[in-house]
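Colleague: One structure, pasted below without further comment.
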Amino acid sequence: MLGATGELIARPADEKDYDRDYFKELGVRTFINAAGTYTALTASLPHPEVINAINYAALQFVKLEELQDKVGERLAELLKCEGAMVTSGAASAITLGTAAVLTGGDPAKADQIPVDMTGLKTEVIMQKAHRIGYSHAIRNTGVKVIEVETRKELEAAINEKTAMLWFLNANNFSGKIKDAEFVEVAKKYKIPCMNDCAADVPPVENLWKYTQMGFDLVCFSGGKGLRGPQSAGLLLGKKDLIQAAKKNAPPNGSTVGRGMKVNKEEILGLLVAIEVYLKRDHKADWALWEMQIKMINDAALTVPGVTPEIHVPEVANHVPSIRLKWDQTKIKITPDAAREALRKGHPSIETVGGSESLDMTTWMLIPGEERIVAQRIKEILQQAAG
């Protein structure tokens with residue numbers, strides 16, 4: 001429900017602001033999200049202004065390409081880059097960006113990929129430490145991924161088949177070649193380079209940091225920290241490459257991106273989400289998250305044997321987080337079992353972590369829910385302590 005200032009606030013269990021409880025009718029259980037912006041958990045809740053924009057767009061017809069162009073111009077202005085477009089998620093942005101580099105926006109070449117690579121460059125180079133499941137979005141275009149570890153290997157791997165260099169921002173500190181040096185190599189050999197920054201907002205400065213660093217293309221998720229439509233993404237970069245990416249995207253047929261449809265509601269919704277995000281008091285948001293984390297930390301500390309660790313990931317999901325560990329000789333429950341107890345309780349609470357810890361963030365909590373999370377964790381751990 002909405003508070004007096006338009007912000008989402010926790011709704012009492014017996015209060016409704018809708019006519020039907022659709023999820024309940026379907027037998028789908030809702031939960032408090034103390035895990036974070038995971039796609040499998042439907043990521044984030046849009047700000048009220050975003051919902052208004054989606055509802056506005058849903059009731060009117062426009063030409064899709066015209067809207068994409070106009071929104072792209074506005075986004076490029078807001079985010080201090082040459083060009084921008086809304087995509088159907090960050091993975092779609094990766095595929096469309098790669099297709100742009102391969103085809104240059106030529107419809108005949110767009111028709112070729114991914115089956116017929118005749119006359120096209122066929123290799124994309126990335127660091128071995130950056131090779132994760134999302135890199136499949138690159139291979140959707142028909143190219144081969146070449147893995148390297150050092151700068152020497154990177155430069156040796158570059159040849160006439162090299163289409164692009166790809167970088168995973170979340171693993172900047174895992175690979176041996178850091179972001180600025182990676183760009184340096186790309187510029188030296190005049191090869192386009194892309195940075196996948198899907199989960200790298202906040203901080204807000206990241207929205208222009210990497211294009212200004214020299215990456216030709218940069219991808220963001222629209223439904224994580226930006227709190228836009230969860231199925232929307234953002235592709236930023238050089239104007240010619242953005243134009244070429246559009247030629248590989250809907251409504252254009254016979255393209256690798258035809259199935260990656262982003263509609264008028266999502267395009268307008270993401271624009272409004274970014275407008276709202278840029279105007280937010282980010283210090284106040286951070287202070288709220290820290291307060292919420294401290295409440296959970298303090299509740300956990302009341303149970304002897306619990307060791308909380310408050311931390312902020314250096315990149316990707318850069319928000320206050322907490323990791324709970326405990327002496328299982330005193331508190332006879334595993335983190336996996338505690339996670340399941342939170343999930344099966346009422347209300348259901350989703351958390352993350354592995355077999356060694358119970359991990360949480362608070363930035364996706366509706367204010368007020370931190371009290372519920374803190375109380376439930378305390379209850380579960382106290383019961384396990386006997």
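Colleague: Looking only at residues in the stretch 90-107 that are over 11 Å from residue 248 (Cα atoms) and open to solvent by 10 Å² or more (accessible area, probe 1.4 Å), which one is nearest to the chain's Cα centre (by Cα)?
Modeller: The extreme case among them is 90.
Colleague: Give all pairs with beta carbons closer than 7 Å in which a residue from the stretch 372-386 that is free of Cβ contacts under 8 Å to residues at least 40 places away in the same chain meets a residue that is not in a helix (DSSP H, G or I); count only pairs at least 6 apart in sequence or on separate chains.
Modeller: Pairs that qualify, where the first residue is free of Cβ contacts under 8 Å to residues at least 40 places away in the same chain and the partner is not in a helix (DSSP H, G or I), are 376/345; 376/349.
Colleague: Where residues in the stretch 318-344 are among the small types (Gly, Ala, Ser) and open to solvent by 10 Å² or more (accessible area, probe 1.4 Å), which of them is nearest to residue 32 (Cα to Cα)?
Modeller: Here the answer is 341.
Colleague: Can you name every residue in the stretch 281-292 that is open to solvent by 60 Å² or more (accessible area, probe 1.4 Å) and closer than 17 Å to residue 206 by Cβ?
Modeller: 283, 286
Colleague: Can you go through 137, 110 and tell me which one is open to solvent by less than 60 Å² (accessible area, probe 1.4 Å), in contact (Cβ under 8 Å) with a residue 40 or more places away in the chain and within 24 Å of the chain's Cα centre (by Cα)?
Modeller: Answer to the check: 137.
Colleague: Being at pLDDT 95 or above and either aromatic (Phe, Trp, Tyr) or open to solvent by less than 40 Å² (accessible area, probe 1.4 Å) (or both) is the filter here; which residues of the stretch 173-195 pass it?
Modeller: Passing the criteria: 177, 179, 182, 183, 185, 186, 189, 191, 192, 193, 194, 195.
Colleague: Also: Specify the residue that is farthest from residue 209 (Cα to Cα); the eligible residues are those in the stretch 232-270 that are polar (S, T, N, Q) and crowded, with 19+ Cβ neighbours inside 10 Å.
Modeller: Out of the qualifying residues, it is 255.
Colleague: Now for a different question. Find all pairs meeting these conditions: Cβ atoms under 6 angstrom apart; at least six residues apart or on different chains; first residue within the stretch 316-344 and farther than 13 Å from residue 360 by Cα and of a type outside the set (S, T, N, Q); second residue assigned to a strand (DSSP E or B) and modelled with pLDDT of 95 or more.
Modeller: So the pair list comes out as 326/306.
Colleague: Select, from 28, 62, the only residue that is assigned to a loop (DSSP other than H, G, I, E, B), within 30 Å of residue 316 (Cβ to Cβ), open to solvent by 20 Å² or more (accessible area, probe 1.4 Å) and modelled with pLDDT of 95 or more.
Modeller: 28
The values are calculated or read from the model by the stated rules, or taken from the named source; none is laboratory data. Everything numeric here is computed off the predicted structure, so don't read it as measured data. Every residue, glycine among them, receives a Cβ derived from its backbone with ideal geometry; neighbour counts consider all protein chains shown. Please note that ligands, DNA and RNA were not included when accessible areas were found on the heavy atoms of the full protein model with its side chains. Shrake-Rupley method; radii C 1.70, N 1.55, O 1.52, S 1.80 Å.
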